[in-house]
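Heads up: the structure comes next, in structure tokens.
The values are calculated or read from the model by the stated rules, or taken from the named source; none is laboratory data. Nothing here was measured: the structure is a model prediction, and the numbers come from that model. In this analysis, Cβ positions are derived from the backbone assuming ideal geometry, glycine residues included, and neighbour counts consider all displayed protein chains.
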Amino acid sequence: MNADSSLVDKKIEELGIQLQKPVKPVANYVTTVQTGNLVFTSGHGPIGDDGQLILGQLGTDMDIEGGYQAARAVGIGLLSTLKATLGNLDRIKKIVKLVGFVNSSADFKDQPAVVNGASDLFVEIFGDKGRHARSAVGMVQLPGGIAVEVEMIVEVE
């Protein structure tokens, strides 16, 4: 790690996490909007280590652990986008809120356990600053068949 690395970058490196290339919008929107000291992200989908979208429906062809890992991958993608936007993840003062959408069969009821993949990641990296309000909801389908989509609000310095 070089001297210009942030404390958050150091923690990410210690956890063995590789940030991804930030996603680009696939329609008429932007990936982040800042108003005052809040940054709102657009929904992000899960991208695996192979660079491919993680597809699946919880309760049909994906189990809770697979969904948890997909949500964690979304969290890494969100951090990648925030780093590109903010320049330095140390500017994050607080993870304020997450909204997690889980591609779920009609009888799947463990959406919170799935979205914990992203929530746990933010607490691992940011400690108390990573604790947030959250919604975790089931959807009959998500764009392109992705397993999970997450959006977030962060407070920045």
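Of all residues in the stretch 36-59, those satisfying the criterion of being touching a Phe, Trp or Tyr at 6+ places or on another chain (Cβ under 6 Å) and part of a loop (DSSP other than H, G, I, E, B) are Ser42, Gly59. Met152 satisfies every condition listed in (1) part of a strand (DSSP E or B); (2) closer than 18 Å to Asp90 by Cβ; (3) out of contact with any helix residue (DSSP H, G or I) (no Cβ under 8 Å at 6 or more places or on another chain) except (3). Any chance the stretch 1-21 includes a residue that's closer than 16 Å to Leu142 by Cβ and at pLDDT below 95? Scanning the stretch 1-21, I find no residue that is closer than 16 Å to Leu142 by Cβ and at pLDDT below 95, so the answer is no. Kindly establish whether Val8 is touching a residue at least 60 places away in the same chain (Cβ under 8 Å) and assigned to a strand (DSSP E or B). So Val8 fails the test. All of Ile76, Ile146 fail the test of being closer than 21 Å to Val26 by Cα, touching a residue at least 12 places away in the same chain (Cβ under 8 Å) and under 11 Å from the mean Cα position of the chain (by Cα), apart from Ile76. For the stretch 127-142, a residue qualifies if it is part of a helix (DSSP H, G or I) and touching a helix residue (DSSP H, G or I) at 6+ places or on another chain (Cβ under 7 Å), and exactly one does: Gly130.
Would you be able to say whether some residue in the stretch 110-122 is farther than 15 Å from Ala70 by Cα, surrounded by 14 or more Cβ atoms within 10 Å (Cβ to Cβ) and not charged (D, E, K, R)? Checked against the condition, which is being farther than 15 Å from Ala70 by Cα, surrounded by 14 or more Cβ atoms within 10 Å (Cβ to Cβ) and not charged (D, E, K, R), the stretch 110-122 yields no hits at all. Checking each residue in the stretch 56-85 for being over 15 Å from Val115 (Cα atoms) and either in contact with a Pro (Cβ under 7 Å, 6 or more places away or on another chain) or not hydroxyl-bearing (Ser, Thr, Tyr) (or both) picks out Asp61, Leu79, Ser80, Thr81, Leu82, Lys83, Ala84. Scanning the stretch 11-35 for residues that are assigned to a helix (DSSP H, G or I) and farther than 18 Å from Leu86 by Cα gives Glu13, Glu14.
Per-residue answers, yes or no, for (1) more than 28 Å from Gly144 (Cβ to Cβ); (2) polar (S, T, N, Q):
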residue	(1), (2)
Lys24	no, no
Asn28	no, yes
Gly43	no, no
Asp63	no, no
Gln69	no, yes
Ile76	no, no
Gly87	yes, no
Lys93	yes, no
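Of all positions in the stretch 65-72, at least one carries a residue that is within 22 Å of Gly87 (Cα to Cα) and touching a residue at least 24 places away in the same chain (Cβ under 8 Å). In the stretch 86-104, of all residues being assigned to a helix (DSSP H, G or I) and more than 15 Å from the chain's Cα centre (by Cα), the one that is surrounded by the fewest Cβ atoms within 10 Å (Cβ to Cβ) corresponds to Asp90.
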